[in-house]
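Structure first, commentary second.
The values are calculated or read from the model by the stated rules, or taken from the named source; none is laboratory data. Quick caveat: nothing in here was measured; it's all calculated off a predicted structure. Here the Cβ positions follow ideal geometry from the backbone for every residue, glycine too, while neighbour counts run over all protein chains shown. Side chains are part of the model used for accessible areas, which takes the heavy atoms of the whole protein and leaves out ligands, DNA and RNA. Shrake-Rupley method; radii C 1.70, N 1.55, O 1.52, S 1.80 Å.
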Amino acid sequence: MNKYIKLSFISLATVGLVTSCDLDAPTQSTLDASSVYSVYSMAEAEVMSIHQSFGETNSYRGRYLPYYGLNSDVEVGSRTKPSIAEATSDKQSLWNYNTLANNGQMNTDNNAYAKFYEGIERANLAIEGLREYGNVDANPDLAQLLGEALTLRAVVYNDLVKAWGDVPARFSPNNSGNMYLPRTNRDSIYKVLLADLLEAEDYCYWPNENPITQSVERVNKSFVKGLRARLALYACGYGLRGDGFRRSKDPDLAPEKMYQIVKDECIDVINHSTPLENLSFEDNFKKLCLDDVTAGGESLWEIPFSDARGRVLYTWGVYHQSKDKYTGQAQGGTNGPMPTLWYDYDPEDLRRNITCVPYRWADVDDNENVAQQEPGSIDQWCFGKLRYEWMTRRVTSTNDDGINWQYMRLADVYLMAAEAVNELDGPAAAAQYMRPVLARVLPAAKVEALMSQYTASKEAFFNGIVDQRALEFAGEALRKADLVRWGIIDEKMAEAKEKLTEMKNKSGKYANYPDKLYYKLMDDGETLEFYGLEAGDTDAEGGALEGYESKGWFVSDGTPVITDDYINGLYVVQPSTHCLWPIWEYFINSSNGMLNNDGNYGQLSD
């Protein structure tokens, strides 16, 4: 269970606070660092305290995880639907590519940007202390802690750069010389992180190699390698810079060099893991909802939240109208699938019905102890990878569910390997890493047909990677960063609007569906059976089904459910030139003139 974040730490990192240009972060205290970092139990508390910065109210918990990643071509705000009429609202503007520096959700002194630097400061203190006093060459457990601290710092910097681009780089504890820092070119940050993670690989145990790594709430060698591969892909990919949207010009981050890192790291992880085809796609998410943090399966690392912390299911799960009878919480469904996503899956793809849910849970006669499914709407789907009904414990908070955030899973490693090997060696060599992803969710004949299509050329295989990462990771907030690094975010977001327009008009691939959705309550008294979600279903047949009710789906009362307001609100400016958040005004104003959002949100051009 999520024990590490529950610890009550009295640590060096929590004794003092300083305020600087870009953070409210802890600083070194007068406690005896030599005593703390030479004793495993005390040093462990220091490293575990980094997690506290993940769980703060406006950090990953309530700001970054709910908002970063929207809108993509597979993920969208659901309860708060896209709207051009509401384009300037605080929430809408966080994900419609028109975010302002005074955003009311973010422009506070305790928000994600500040808490990320707080976590970095905690990590810096632990790294410095363990290097000086940990005797890591002679004590492998203390070396594991140093590897964890380096990796957790890389996690935070990775997310800082994804959201804000060029940011101040602080790789040593706060002092009078680094209180006020300008933005740093992200290339130099990536190079430090790639080196840090290479070092951390030598320190960290493989999953289950040691009692420390029996839980996926602790960093292990597989995650370190997987994260290094992910960072290498970001480092050589496209991004918004001071002189436009482009790749890095740094020869150290050239694509062929980065792809080699990805290939080597991912293949090593795969060779040390349970074969993906032996792991169930659905069971991975059920384990997440059951707080099963046993290492050695598909999950490689999770941000740990205590039972009364974290808004993961609250944000990304199935919507419950009021107090769920399973857990006692009324939430879920804040974010959901793009309305077109269900229709992009092969009907036999096991991922479809797990990822896209056309229902929500509603009270029966206002009785909160009795609930049943009711149809949602085509513009308000739910993600189904996280479900209250898969949990076995009550939720004690009205807003927090305690489900961990799964930061990386093994399928990602396979598809990163496939992508890199295709670029270096071609599709025939890469096929062995794509095939297992498909084999566990599709019939054998369809796997062979797709593999034949994908291996026709390097370009065809890359297009297969783009498609399969959408179908595999929808609802896991990876897609936006993928579209950015591939340099295709404008193309794919424009395509998303085109598909929505076809859906609104019931043209193209959507012409062969009924206007209505037909549903029937099953004998268990709580679940629904649907008709109308498959190509070839008709209103005539649906209307004749005994015991079925109907609801307007594509069309309601003669009017398309998908509206121009929804379509035009998906993004309101060019995504590639607005794919980053600005640094918030609070931090600009307290930066002693070192920070700004001039040009492309203050990005550097070198």
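Show me the ranking of peptides 571-583, 172-184 by mean Cβ neighbours inside 10 Å, starting with the highest.
571-583, 172-184
Which length gain, in nm to one decimal place, applies between GLU132 and VAL370 when the Cα-Cα distance is subtracted from 0.36 nm times their residue separation?
So the extension gain works out to 79.8 nm.
About the Cα centre of the chain, how large is the charge dipole given +1 on each Lys and Arg Cβ and -1 on each Asp and Glu Cβ? Please answer in debye to the nearest 20.
Charge dipole of the chain: 780 debye, to the nearest 20.
Using alpha-carbon positions, what is the distance between the centroids of the range 145-172 and the range 237-267, in Å?
17
Solvent-accessible area per residue for the chain at a 1.4 Å probe radius, Å²?
Here the per-residue accessible area is 35 Å².
Per-residue counts of other Cβ atoms within 10 Å, averaged by peptide: what ranking do you get for 88-95, 268-275, highest first?
The densest-packed peptide leads the list: 88-95, 268-275.
Share of the chain's accessible area from carbon and sulfur, percent, 1.4 Å?
Heavy-atom surface of the chain belonging to carbon and sulfur, 1.4 Å probe: 47 percent.
Could you rank the peptides 430-442, 148-160 by their average count of other C-beta atoms within 10 Å per residue, with the highest value first?
148-160, 430-442
Can you pull the one-decimal nm distance between simple spin-label points at LEU290 and THR57, each 7 Å off the Cα toward Cβ?
3.5
Multiply the residue separation of ASN353 and GLN432 by 0.36 nm, subtract the distance between their alpha-carbon atoms, and state the gained length in nm to one decimal.
25.8 nm
Pick the calculated Cα Rg over 2.2 N^0.38 Å for this structure from [x] 0.95; [y] 1.01; [z] 1.24?
[x]
Between rounded, prolate and oblate, where does the range 318-411 land on the alpha carbon gyration tensor, with a ≥ b ≥ c its root eigenvalues, rounded for a/c under 1.5, else prolate if a/b exceeds b/c?
Because a/c hits 1.5 or more and a/b fails to exceed b/c, the range 318-411 counts as oblate.
Convert each backbone phi in the range 576-593 into a coupling constant with the Karplus relation 6.51 cos²θ - 1.76 cosθ + 1.60 (shift: θ = phi - 60°), then list the ³J(HN,Hα) values in order as whole Hz, x for Gly and Pro.
So the Karplus estimates, Gly and Pro as x, are 5, 8, 9, 7, 10, 7, x, 5, 5, 3, 3, 7, 4, 5, 9, 9, 6, x Hz.
Which of the lysines could a cross-linker span from LYS520 if the Cα-Cα distance has to be under 25 Å and same-chain partners fewer than 8 positions apart are dropped?
Reachable lysines: LYS323, LYS325, LYS385, LYS506, LYS551.
What residues have an amide H closer than 5 Å to that of ARG409, excluding those fewer than 5 places away on the same chain, when H is modeled at 1.01 Å from N in the peptide plane?
LEU300
So who's got an amide H within less than 5 Å of the one on VAL555, skipping anything under 5 residues away but keeping other chains? H placed 1.01 Å off N, in plane.
Residues meeting the criterion, in which the H sits 1.01 Å from N, are VAL561.
Counting other C-beta atoms within 10 Å, and keeping those with at most 11, which DSSP coil GluC sites (Glu not before Pro) do you find in the range 525-592?
GLU546
Which far-off residues, 5 or more places away or on another chain, put their amide H under 5 Å from the one on VAL76, with H placed in the peptide plane?
Those qualifying (amide H under 5 Å, at least 5 residues apart or on another chain) are GLY336, MET338.
If each of ASN399 and ASN589 carries a label point 7 Å out from its Cα toward its Cβ, how far apart are those two points in nm?
2.3
May I ask you to evaluate 6.51 cos²θ - 1.76 cosθ + 1.60, the Karplus curve with θ = phi - 60°, for each residue of the range 120-136 and list the ³J(HN,Hα) values in order in whole Hz, giving x for glycine and proline?
Taking θ as phi minus 60°, the curve returns 4, 5, 4, 5, 4, 4, 5, 4, 4, x, 5, 5, 7, 10, x, 6, 5 Hz for the range 120-136.
Can you check what the net charge comes to around GLY62, using other residues whose Cβ is under 13 Å from the Cβ of GLY62 (Lys, Arg +1; Asp, Glu -1)?
Around GLY62, the charge tally is +3.
Measure up LYS162/LYS458; LYS115/LYS162; LYS81/LYS516 against 23 Å on the Cα-Cα distance and list the ones that go over.
The pairs that break the limit, which is 23 Å between Cα atoms, are LYS162/LYS458.
If you plug each phi of the range 427-441 into the Karplus form 6.51 cos²θ - 1.76 cosθ + 1.60 with θ = phi - 60°, what whole-Hz ³J(HN,Hα) values come out, in order, with x for Gly and Pro?
After applying 6.51 cos²θ - 1.76 cosθ + 1.60, I find x, 4, 6, 7, 4, 5, 9, 7, 4, x, 5, 7, 5, 8, 10 Hz.
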